[in-house]
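Taken together, the values in this text are just the output of simple stated rules run on the coordinates, not laboratory data. No experiment lies behind these values; they were computed from the predicted model shown. When we count neighbours, we look across all protein chains shown, and the Cβ atoms used for this are built from the backbone with ideal geometry, even at glycine.
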Amino acid sequence: MRCLGVSNHRGVTLVEMMVAIGITSLILGVLAYLSFFTARNLVIINRQAISQTSCAIAAERLATFMRGAAYFEPYAGDVATTAALRRMKIAVPTGQTSVNKAVVAFNNRTKKLELYMNENSVSFDGNMDPVGTADRSFRGIERFTLIYESAFRVTAMLEYQYSGFAKMLNTGSNMQYGQFITDVIAKNHFLDQGGPQSYEYDVNTSGPASL
């Protein structure tokens with residue numbers, strides 16, 4: 001007679017199966033979290049790129065426009081209230097001794113930088129946000145300030161929100177900002193001109209007699 005051999009193979013116990021399922025679930029969970037975190041950061045980086053690009057375009061176009069001004073004029077009482085302004089009148093030459101006053105203003109509610117080609121086209125609410133139909137606007141500006149140094153010199157600072165990969169940098173209490181800072185000098189008012197033509201020379205709000 002031939003004896004049948006005894007097999008050494010055995011099945012998987014319930015405990016082993018549960019351990020395997022647990023390890024597999026943990027691995028899948030980690031992979032799912034990494035995928036979510038990566039996708040989340042891609043969205044943040046895309047939003048940041050759009051904001052940064054918009055901010056750069058706004059800074060360049062605003063500086064170009066302001067450099068053609070005859071002089072800059074703060075709203076009455078603004079300079080006495082704070083050194084960092086959110087609005088300003090831009091005197092654009094229309095003749096040898098005449099100007100049209102445009103207005104640049106930041107809407108903190110909508111996060112838009114707005115340009116009005118006529119000062120009568122805009123008013124301001126209780127929060128100092130502009131009210132009116134802007135001739136030109138730029139979105140994605142997180143913060144905007146103007147430092148008035150003289151009637152012929154202004155420093156413009158535009159900021160966009162920045163978020164890094166590290167989760168700790170993306171908390172509401174630790175916001176990160178990138179900046180574009182531009183020193184703007186009015187038309188034909190450079191330092192080497194001297195006297196009333198120098199950007200260090202200030203005038204009253206009526207502006208210079210000759211442009």
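Taking amide hydrogens as placed 1.01 Å from N in the peptide plane, the amide H of residue 75 sits under 5 Å from those of 89, each at least 5 positions away in sequence or on another chain.
Judged by the gyration tensor of its Cα atoms, with axes a ≥ b ≥ c, region 101-157 is oblate; a/c meets the 1.5 cut and b/c is at least as large as a/b.
Near the amide H of residue 99, within less than 5 Å, lie the amide hydrogens of 94, all on another chain or at least 5 residues away, with H placed in the peptide plane. Karplus-derived 3J(HN,Hα) values for region 124-130, using 6.51 cos²θ - 1.76 cosθ + 1.60 with θ = phi - 60°, are 9, 7, x, 9, 6, 7, x Hz; glycine and proline are entered as x. Taking amide H positions as modeled 1.01 Å from N, with prolines and chain starts lacking one, the residues under 5 Å from residue 136 and 5 or more places away or on another chain are 115.
Label-to-label distance for residue 127 and residue 179 is 2.4 nm, based on points extended 7 Å past Cα in the beta-carbon direction. The HN-Hα couplings worked out from phi for region 155-160 by the Karplus form 6.51 cos²θ - 1.76 cosθ + 1.60 (θ = phi - 60°) are 9, 9, 10, 10, 10, 10 Hz, whole numbers, x standing for Gly and Pro.
Counting every other Cβ atom within 10 Å of each residue's Cβ, 139, 86 order from fewest to most as 139, 86. Backbone phi angles across region 63-71, fed through the Karplus curve with coefficients 6.51, -1.76 and 1.60 (θ = phi - 60°), yield HN-Hα couplings of 4, 4, 5, 5, 5, x, 7, 7, 6 Hz in residue order; Gly and Pro are listed as x. This model, with +1 at the C-beta of Lys and Arg and -1 at the C-beta of Asp and Glu, gives region 72-133 a dipole about its Cα centre of some 160 debye. Taken over region 14-69, the alpha-carbon convex hull comes to 34 cubic angstrom per residue.
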